[in-house]
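Data first, discussion second: the structure below is written as structure tokens.
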Amino acid sequence: MRLLQVVLFALSIGLWTSCNSSSSENASKDIRLNQYLIEGKKIYESHCANCHQVDGKGFARLYPPIDSVFLRDTTATLQIILMGNKNPLTVKGIEYTLPMPGHDFFTDLELAELSTYLYATWSGQKAQRISTETVKTLRENP
Ligand code: HEC
């Protein structure tokens, strides 16, 4: 009987803590992250996958795979998406010489969603939302 009381008490504490406000904040953060991931995937598939492919593995020696090391530098990632790159770039030991086109027509939100998706999918790190503020700051101080 005593054991049952202990178990019931523990359950009620568990219920109480799972209903407090910080966990509902976390839930809304997760929803926001998921929205960014869904939108980011759509943007990637319509603007990037023709070169880098849907699976991000790139194409032959023409277009590089989306690279985890490169992605860990959010600033460099946003810069190459916005401004492109004309100089040869070595990714995973292979040199790519075709230019990467710039995409400065994206809105701050689209860039935030896209870079959030790239980071979550190919950085090898835990997913995190890249905010529109980060994008805005970089655009204002390139
Ligand atoms: C016309 C083909 C093409 C398109 C479209 C394109 N890229 Fe690239 N991308 C390249 C090439 C080529 C490079 C290698 C850079 C160089 O040689 O200048 C590159 C490099 C990169 C890199 C850095 C290196 C790496 O492989 O991680 C990232 C990140 C990247 N692209 C992301 C994107 C994203 C995101 C989009 C969509 C908005 C996109 N690219 C659209 C061709 C393309």
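The values are calculated or read from the model by the stated rules, or taken from the named source; none is laboratory data. Computed from a predicted structure; not experimentally measured. Here the Cβ is made from the backbone with ideal geometry for all residues, glycine too, and neighbour counts use every protein chain on show.
Assorted remarks:
- Selection within the range 45-62 - near the ligand (Cβ under 6 Å from one of its atoms) and in a helix (DSSP H, G or I): His47, Asn50, Cys51, His52
- Residues of the range 34-51 satisfying the condition of being surrounded by 12 or more Cβ atoms within 10 Å (Cβ to Cβ) and more than 16 Å from the chain's Cα centre (by Cα): Cys51
- Neighbours by Cβ (under 8 Å, 6+ apart or cross-chain): first from the range 91-102, among the hydrophobic types (A, V, I, L, M, F, W, C); second surrounded by 12 or more Cβ atoms within 10 Å (Cβ to Cβ) and assigned to a strand (DSSP E or B): Leu98/Tyr63; Met100/Asn85; Met100/Leu89
- Looking at Ser23, Ser28, just one residue is surrounded by fewer than 12 Cβ atoms within 10 Å (Cβ to Cβ) and in contact with a Ser or Thr (Cβ under 8 Å, 6 or more places away or on another chain), and that residue is Ser23.
- Every pair of residues 6+ apart whose Cβ atoms lie under 7 Å, when the first sits in the range 61-79 and is closer than 15 Å to Tyr117 by Cα and modelled with pLDDT of 95 or more while the second is aromatic (Phe, Trp, Tyr) and within 9 Å of the ligand (Cβ to nearest atom): Ile66/Trp122; Ser68/Trp122; Leu71/Trp122; Thr77/Phe70
- Restricting the range 63-110 to residues that are among the aromatic types (Phe, Trp, Tyr) and more than 6 Å from the ligand (Cβ to nearest atom), the residue that is surrounded by the fewest Cβ atoms within 10 Å (Cβ to Cβ): Phe105
- Flag if Asn34 is at pLDDT 95 or above and closer than 25 Å to Thr137 by Cβ: yes
- Selection within the range 104-142 - closer than 14 Å to Ala76 by Cα, more than 12 Å from the chain's Cα centre (by Cα) and modelled with pLDDT of 95 or more: Thr134, Val135, Thr137
- Residue within the range 122-134 that is within 11 Å of the ligand (Cβ to nearest atom) and either surrounded by 17 or more Cβ atoms within 10 Å (Cβ to Cβ) or of a type outside the set (Val, Ile, Thr) (or both) present: yes
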